[in-house]
Structure formats: structure tokens, C-alpha cells
Amino acid sequence: MSLEAAKPPPPHISPVGMWASKLGLRIIQFALAVAIIGCVGSISSTGIWSLPTLIVIMPQAAVSAIWSLAEGISILVRGGRRGIHPGANVALDLLLWLGLAGGTVGLWLLGIATMVVRSSLGGGWGFDWSDYDSYTGGGDISGKLSSVAGMGQALIGLGATLTILHFATFVIACVETNKRNRSKRQPQVVYVNGGSQYPPQYGQPVQGVAYAPAQPEQVYHHAGIKA
């Protein structure tokens, strides 16, 4: 009597609700990342004053936009309500929420530094800012700092929100990776005479079905079938 190897159980597939949640989170992440990039671009006219903000938050926002777009497209296009491998989501979202958290804290520290500099312009600190016009591009330095400070507050809010959302997708990816790994540890099922249905529960014998454990060279059987 011949044995016919069955297809293994399909990998973990997200329920409809989880699938919709992941897609919604990716859309919001992409929108927030683009908003951060736009805010940083809007203060580029301040010259050197926008450089610290650019360094602190722009790289994370750019990577977030690219990754969220790629994962969102994959969730929509790939069959079976699956996106990119959850292991990749774990790695990227971990790096992103940590990087965005650090960038948001950096923006807060830059805000404090900007307040100190603006206070020095008010007099009494002994600074002559006209000496620095050649480095700052000249013009109204106080006005430039005000523009940077105002936009910095918006960036802190956007950065904090994006950090929380990437932490949420990181947790979801961890859960799905765990489920996927557990599904791979299910015993392989081998069918006799073209059987086409899985047993109700793995490990429970069903008429005409033989089971193969993790080692492919060993086949446990019943109903008189020899290995």
C-alpha cells in the first residue's frame, strides 16, 4: 500500500480583523512619516538652524515611510492576508521605534537648546550675534529660531505618535512570528490511498491515515502499514 505525502498545513494567516488593523496602521505610519519629512523641509529656509533637526529625525522618518509603504502594498497584493515575513517586521519595526524614540527625545533636547539661545538674544548674556551672520546666513536670527522652535513642537508630537504606532506593529509581528513558528512544529501528515482531509486534531489517528514525525526517514503507522 503506497503512502502519499500531504501538503503541510498553511503558515499562520492573519484573521480579517488583524489584517485590517495592520493595513490601517501602515497607512497612518506612512502619512505621519511624510508629514515629518514635510515639516523638516519647511524649515530648511532657516539654513544651518534646521541642520540639527534634519540629522535627528529625518533618517528615521524616511525609512519609516519606505517600510510602511512596502509592507502596506504587500498586505494588499499578497494572497492569503499575509504581508512581508513577520520576522522582517520584527526586526525593522524594532529598529524604527527605537530610532524614532531616540529622535523624539533629541528633538525635545534641541527645543531646550533653542530656548536657551533665544534667551541669549534677549540681552544680558553678552553674545554679539552679528559675528555669526556669515555662518547662519544672516537675517533675523530670532525669527529663524522661532520658526524652528514652533515646528519642533509639531515634530515632537508627530515623532511620539509614530513611535507608538511602530511599537504596536512590532508587538503584532512578534505575536505572528510566534504563531508561525508554533505551526511549523506540528507533525507532518501522510495520507494513504489519496486521502484528502486533515484529521480533526493533529496527533489523533484517523481511518486510513499514517503520521510521520519530524524525522522524514521514519514513518509511524497504523492499520497494518509497515515503515
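Structure above, values below:
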{"quantity": "Protection proxy ranking of 161-171, 76-86 - average other beta-carbon atoms within 10 Å, highest first", "calculated": "161-171, 76-86"}
{"quantity": "Bins of 5 Å from zero: percent of alpha-carbon pairs in the range 13-81", "calculated": "3, 17, 22, 17, 12, 10, 8, 6, 3, 2"}
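Values in this text are rule-based calculations from the coordinates and carry no lab data. What you see is a predicted model, and the numbers here were worked out from it, not measured in a lab. Glycine also receives a Cβ, built like all others from the backbone with ideal geometry; neighbour counts cover every protein chain displayed.
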